[in-house]
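Have a look at the structure below before the remarks.
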Amino acid sequence: PACRRMGAAVVFACVLCLSTPWVAMAPKMKRSMRAVRRVRTGAYKVTQKSLDAMAGRMDTLIDKYIPRELDPFRMGKRQTAANWLDSLYSSKSEPITPELESIRASGKDRLDILDLPFKKDEAYRFMSLRRVYKSRFSSPSGIVNTDVLEGGYQNECDSHRLVFIDGVLDVSRSKMPSLPGDAYIGSINGIKDKELRARVLKEVDEVPTDIYGSEFWGTVNKAMLRDVAVIHLPEDTKIDAPIQLTFYTTSGMDSKAGASFPRLVVLGDKNSEATIYLNHLGDNDCTYYTSAVTNIKLEDNAEFNFYYNNEQSDIATHTEVINATLNTESKFMWRGMLNGGTVGRLNMDIDVIGDDAEVELYGASLATEDIQQDIHTFILHHAERGISKQEHRSIVGEGGECVFRGLIKILKAAEYCDADQQSRGLLLSPKGDITAIPSLVVEPDKVEGAAHGSTVSDLGGEEMFYMLTRGLTETQAKILLTKGFIRHIIAEFPFSNMKIRLMDKITEVAKEASVGWRETTIDAFDEPGNVERDEQMAGFA
């Protein structure tokens, strides 16, 4: 970054001279160029600190005197992002019902005026946008790998199953038995009740907005969706058997990527109860992009258990927005696993607008071999006596990256709330990366509890030594410790097939884990004394 910024300064020197008085610019240029000369002549040792400082000075200079629209690197990135969006839009297919066409048109109009995501934007600071933007798309091929699709089926969900291929309901692969009362599970195209149809279309037309960029990804889905999955439970309706929804994305044609835009609307009226299992799948050897949005509205005293699993291709990209609104005494329990896609971005927005509502978010991410799992959550308490509990665990192997960024905000009127947010990370390799930013904002003076925290660890020598003295091999010990780290999250899932698949994947990652690596890692380019400082800042010392 430092070298590229210095190059930009030289290339646009003429522009700077014409647009800015040299007297005002010369001192800053002299300081920056002086640092460059010192590096080139070897006048002092190059450290990461000095490079960061130099890059910071150049960034300040360029950002101040070169308009953002003239920055060559920003111009190049903008063109790349625009080409990606144009290619994505050109691959769209017709919706299954004409009512969605007007919604798609309004989404396209909104998408044309929204800013494209960039690394410099706070919402995307950690997201690998380069991997997302490099794809080019064609119409989906529709070719389904039956082994992959059926391998994601759960025996416990055999009675209620919806399968969507490239965002459109596949009736031949779905199971939709008779439901109690006026309950409905299926595609929007099958809704006969005009009032329910209007409710669903209203939800589809709304796009979640938050501080983490949900509006852009939600608008992408809105502008290109083809079908809508609907789960509606009327008042006092309870469905005991889990409802499984599988969204399968196929590859594109002509060696290009495929794309799908799944949309799910869940409407739980008063005193309704259900368990939902949502699974994202695709052929392991295919490149594709999935843009998904889920809207959940729970009325008074509704209770929904929502299980989420993303196990897409390791060369696919995935963005998703989940928005839930909770009314009085409603409960939303979410359990999620993120372990697929070269980039998997999940934004969760939970609005607790009713008194005595409760939300639980327990999830885990698994990343290795150039895979990035990125989850951003925002829980907003509007009403009194709300409860929110969140814990997210990350396991990162060599070359992987996990990002957790969460915010729980309790507004002034939401007194006597109880909020807790925790992030735990297990770094299995020095070449992995974990970023954890839990946040808590409390406005009222009276709360029942408010806590947040984060820890990152490796497989320490003491734990390994204990296991080895009990007769385990090193590989067995690594597998046992890694599974133990995430066991209580996986135990929350009532699906045996999913547990087996996850444990097998964790076993493979754990076998390659490094043991006690952080105790011997030294930055060879750092100055004396800075190693201890960095370790203390990172919590290693």
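Give me the net charge of Leu426's neighbourhood, meaning all other residues with Cβ under 9 Å from the Cβ of Leu426; Lys, Arg count +1, Asp, Glu -1.
My count for the surroundings of Leu426 gives +1.
With Kirkwood's inverse mean 1/r over C-alpha pairs for Rh, give me the Rg to Rh ratio of segment 95-160, two decimals please.
1.11
Read phi for every residue in segment 168-180 and hand back ³J(HN,Hα) as whole Hz from Karplus 6.51 cos²θ - 1.76 cosθ + 1.60, θ = phi - 60°, with x for Gly and Pro.
10, 4, 9, 5, 5, 9, 9, 10, 10, x, 5, 10, x
Using a 1.4 Å probe, how large is the accessible area of Asp254, given in Å² and rounded to the nearest 10?
140 Å²
Once amide H atoms are placed 1.01 Å from N in the peptide plane, what residues at a sequence separation of 5 or more from Ser457, or on another chain, have their amide H within under 5 Å of its amide H?
Gly425, Leu426, Leu427
From the phi of every residue in segment 384-392, what ³J(HN,Hα) in whole Hz does the Karplus formula 6.51 cos²θ - 1.76 cosθ + 1.60 yield, where θ is phi - 60° and glycine or proline is x?
Values, residue by residue: 6, 6, x, 10, 9, 10, 9, 9, 10 Hz.
Gain in length, Glu448 to Asp314, computed as 0.36 nm per residue apart minus the alpha-carbon separation, to one decimal in nm?
My answer for the length gained is 44.0 nm.
Order 484-497, 371-384, 350-363 from most to least packed using the mean count of other Cβ atoms within 10 Å.
371-384, 350-363, 484-497
Counting Lys and Arg as +1 and Asp and Glu as -1, each charge on the Cβ, what is the dipole of segment 304-395 about the Cα centre in debye, to the nearest 20?
Using Cβ point charges on Lys, Arg, Asp and Glu, segment 304-395 gives about 100 debye.
Per-residue accessible area for Glu150 at 1.4 Å probe radius, Å² rounded to 10?
Surface open to solvent at Glu150 totals about 110 Å².
Restricting to Cα atoms and excluding each atom paired with itself, what does the Kirkwood estimate give for segment 222-307 in Å?
Kirkwood radius, segment 222-307: 14.3 Å.
If I ignore ligands, DNA and RNA and count only protein heavy atoms, how much of Lys511 is accessible to a 1.4 Å probe, in Å² to the nearest 10?
Its accessible surface works out to 90 Å², give or take rounding.
In nm, to one decimal, how far is the Glu206 label point from the Thr146 one, both placed 7 Å along Cα→Cβ?
For the pair Glu206/Thr146, the computed spacing is 4.2 nm.
Using a 1.4 angstrom probe with every protein chain in place, what is the largest-first accessible-area order of Val200, Val148?
Val148, Val200
Just by accessible area at a 1.4 angstrom probe, what is the order of Asp418, Asp112, Asp458 from largest to smallest?
Final ranking, largest accessible area leading: Asp112, Asp418, Asp458.
Structure shown: which of Lys108/Lys389; Lys194/Lys412; Lys389/Lys483; Lys431/Lys499; Lys175/Lys222 lie over 29 Å apart, alpha-carbon to alpha-carbon?
As for pairs spanning more than 29 Å Cα to Cα, those are Lys108/Lys389; Lys194/Lys412.
Taking the highest mean first, how do the peptides 92-100, 404-412, 428-436 order by number of other beta carbon atoms within 10 angstrom per residue?
404-412, 428-436, 92-100
Using DSSP, restrict attention to beta bridges with both residues in segment 181-325 and report what percent are antiparallel, rounded to the nearest 5.
If I count the DSSP bridges inside segment 181-325, around 10 percent turn out antiparallel.
Determine which residues of segment 469-485 fall in the zone a paramagnetic label at Met503 would reach in this model, i.e. backbone nitrogen under 13 Å from the point 7 Å along Cα→Cβ.
Label zone hits: 480, 483-484.
Report the one residue of Ile165, Val230, Gly218 whose Cα lies farthest in the direction of the positive end of the charge dipole of segment 118-233 (charges on C-beta: Lys and Arg +1, Asp and Glu -1; origin at the Cα centre).
Sorting the options by dipole projection puts first Gly218.
Keeping all protein chains in place and using 1.4 angstrom, which order do Asp86, Asp349 fall into by accessible surface area, from largest down?
Sorted descending by solvent-accessible area, the residues read Asp86, Asp349.
Please give the FRET efficiency for Thr469 paired with Lys511, using the beta carbon to beta carbon distance and R0 = 22 Å, rounded to the nearest 0.05.
Using R0 = 22 Å, I get an efficiency of 0.60.
Can you list the aspartates and glutamates whose alpha carbon is less than 14 Å from that of Lys134, not counting same-chain residues fewer than 8 positions off?
Asp86
The values are calculated or read from the model by the stated rules, or taken from the named source; none is laboratory data. In this text, all values refer to a predicted model and were calculated from it rather than measured experimentally. We place every Cβ from the backbone using ideal geometry, glycine too, and count neighbours over all the protein chains shown. Calculation scope for accessible area: heavy atoms of the full protein, side chains included, ligands and nucleic acids excluded. Shrake-Rupley method; radii C 1.70, N 1.55, O 1.52, S 1.80 Å.
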